[in-house]
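Asker: Supplied in structure tokens, the structure appears directly below.
The values are calculated or read from the model by the stated rules, or taken from the named source; none is laboratory data. Note that the coordinates shown come from a computational prediction; the quantities given were computed from them, not determined experimentally. FYI the Cβ positions are ideal-geometry reconstructions off the backbone, even for glycines, and counts take in every protein chain you see.
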Amino acid sequence: MKNDLIRFDWAMKRLLRNKADHIVLEGFLSELMQEDITIDSILESEGNQETASDKFNRVDILVKNQKGEYVIIEVQNQLEYNYFQRMLYGTSKVLTEYISVGEPYHHVKKIYSVNIVYFDLGQGADYIYHGKTNFKGIHQNDGLELSGKQKVFLGEDKTPSDLFPEYYIIKVNQFDDIARNTLDEWIYYFKNNEIKDNFKAKGLEQAKEILKVDKMSKSEQVSYKKHIVNLMEEASRERTLEMEAILKEREIGEKKGKEIGKEEGKKEQAIETAKNLIQMGLSLEQVVKATGLSILEVEKLK
């Protein structure tokens with residue numbers, strides 16, 4: 001039987017910021033990053049504040065984990081062509097907001113950007129992508145590592161890529177609804193608002209209880225239903241604009257085709273006329289003047 005569960009973006013905005021409910025976000029992040037994640041706190045930053053232009057299309061949350069690292073979780077519902085730049089801006093903004101002026105650089109913390117998008121971002125066949133910064137030698141093709149002294153200073157198990165932001169992209173609509181592992185179980189929920197009874201992923205059992213629609217107050221349910229309607233209307237508007245663009249492009253193509261056809265028809269008629277005039281014995285100059293063809297074109301017809 002299908003659960004009647006709240007969408008993840010609405011849950012992040014209204015519910016999962018409560019400390020008692022952190023277990024849900026912790027479960028998702030643990031499955032994504034393949035390690036046990038504990039949330040120390042939910043933060044607010046200038047970079048992750050919702051603006052009027054975002055409306056219902058975007059929601060994000062900034063998490064600080066037990067290691068002092070920052071995790072931005074963002075849900076984007078509608079197509080945004082500059083989304084990659086938004087991801088970059090988000091990590092840069094958090095980096096500058098959470099280090100004080102004059103503070104040593106070794107206090108800079110790791111940042112993860114987790115992006116759950118409901119459109120086909122970029123071009124790729126997969127539905128989960130993970131991006132890291134790696135340094136490769138141009139001549140030797142070797143990987144750049146930390147020196148011995150840097151490892152003493154930063155940690156024996158560290159690499160340069162561990163210091164730079166990491167990015168995760170989950171393209172929900174590209175998921176084929178087949179849960180092959182526990183992370184897929186989370187993505188199945190993102191896409192279908194359903195958690196199956198046999199799902200075992202961390203946090204999903206708690207999510208199944210916390211995120212029930214009927215647990216919301218009547219006023220919250222009204223707001224939530226309005227949110228869903230807004231998403232549907234926005235998706236319909238985007239689809240309409242897309243179809244209008246396609247039809248306009250087709251109309252322009254057909255118009256050009258007709259114009260090309262007319263020009264080709266005129267050219268064919270001029271060639272036929274020129275052939276007849278040549279047979280009548282008119283001079284080259286007379287045929288050119290009568291048909292508008294070039295001298296070379298007329299000469300080829302002789």
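Asker: List the strands (runs of 3 or more DSSP E) that sit entirely inside region 11-83 and contain at least 2 residues that are under 24 Å from D120 (Cβ atoms), in the same structural domain as L95 (by TED's automatic domain parsing) and at pLDDT below 85. Talk me through it step by step, then tell me what you get.
Answerer: On the way: elements: 39-43, 58-65, 70-76.
Per the criteria, 58-65.
Asker: In a loop (DSSP other than H, G, I, E, B) and surrounded by 12 or more Cβ atoms within 10 Å (Cβ to Cβ): does that describe L277? Give the steps one after another, and end with the answer.
Answerer: Details: in a loop (DSSP other than H, G, I, E, B): no; surrounded by 12 or more Cβ atoms within 10 Å (Cβ to Cβ): yes.
Spelling it out, it is not the case that L277 is in a loop (DSSP other than H, G, I, E, B) and surrounded by 12 or more Cβ atoms within 10 Å (Cβ to Cβ).
Asker: List, please: which pairs have Cβ atoms under 9 Å, are six or more places apart or on different chains, and start with a residue in region 202-227 that is assigned by TED's automatic domain parsing to the domain that holds L29 and end with one that is part of a loop (DSSP other than H, G, I, E, B) and of a type in the set (F, W, Y)?
Answerer: What qualifies is E205/F199; K208/F199.
Asker: Could we say that L121 is among the hydrophobic types (A, V, I, L, M, F, W, C), over 20 Å from the mean Cα position of the chain (by Cα) and surrounded by 12 or more Cβ atoms within 10 Å (Cβ to Cβ) here?
Answerer: Details: among the hydrophobic types (A, V, I, L, M, F, W, C): yes; over 20 Å from the mean Cα position of the chain (by Cα): no; surrounded by 12 or more Cβ atoms within 10 Å (Cβ to Cβ): yes.
The answer is no for L121.
Asker: Any residue in region 127-135 that is at pLDDT below 90, within 30 Å of K191 (Cβ to Cβ) and out of contact with any Gly (no Cβ under 7 Å at 6 or more places or on another chain)? Don't jump to the end; show me each part of the working.
Answerer: Here is the first cut: in region 127-135, the residues at pLDDT below 90 are none.
Within region 127-135, not a single residue is at pLDDT below 90, within 30 Å of K191 (Cβ to Cβ) and out of contact with any Gly (no Cβ under 7 Å at 6 or more places or on another chain).
Asker: Considering each of N115, N77, N134 in turn, give the residue that is under 30 Å from F175 (Cβ atoms), of a type in the set (S, T, N, Q) and surrounded by fewer than 14 Cβ atoms within 10 Å (Cβ to Cβ). Break it down into steps so the answer makes sense when it comes.
Answerer: Working: N115 fails: surrounded by fewer than 14 Cβ atoms within 10 Å (Cβ to Cβ); N77 fails: surrounded by fewer than 14 Cβ atoms within 10 Å (Cβ to Cβ).
Unique residue meeting the criteria: N134.
Asker: Let me ask something else about it. Could you tell me whether Y129 is among the aromatic types (F, W, Y) and more than 25 Å from T96 (Cβ to Cβ)? Walk me through it before giving the result.
Answerer: Working: among the aromatic types (F, W, Y): yes; more than 25 Å from T96 (Cβ to Cβ): yes.
The answer is yes for Y129.
Asker: Sticking with this one: Hey, does region 181-188 have a residue that's closer than 19 Å to L79 by Cβ, out of contact with any helix residue (DSSP H, G or I) (no Cβ under 7 Å at 6 or more places or on another chain) and either at pLDDT 95 or above or aliphatic (A, V, I, L, M) (or both)?
Answerer: No, that holds for no residue.
Asker: Now, a different point. Any idea which residue in region 87-107 is modelled with the lowest pLDDT, counting only those that are surrounded by 14 or more Cβ atoms within 10 Å (Cβ to Cβ) and over 30 Å from Y188 (Cβ atoms)?
Answerer: Here the answer is I99.
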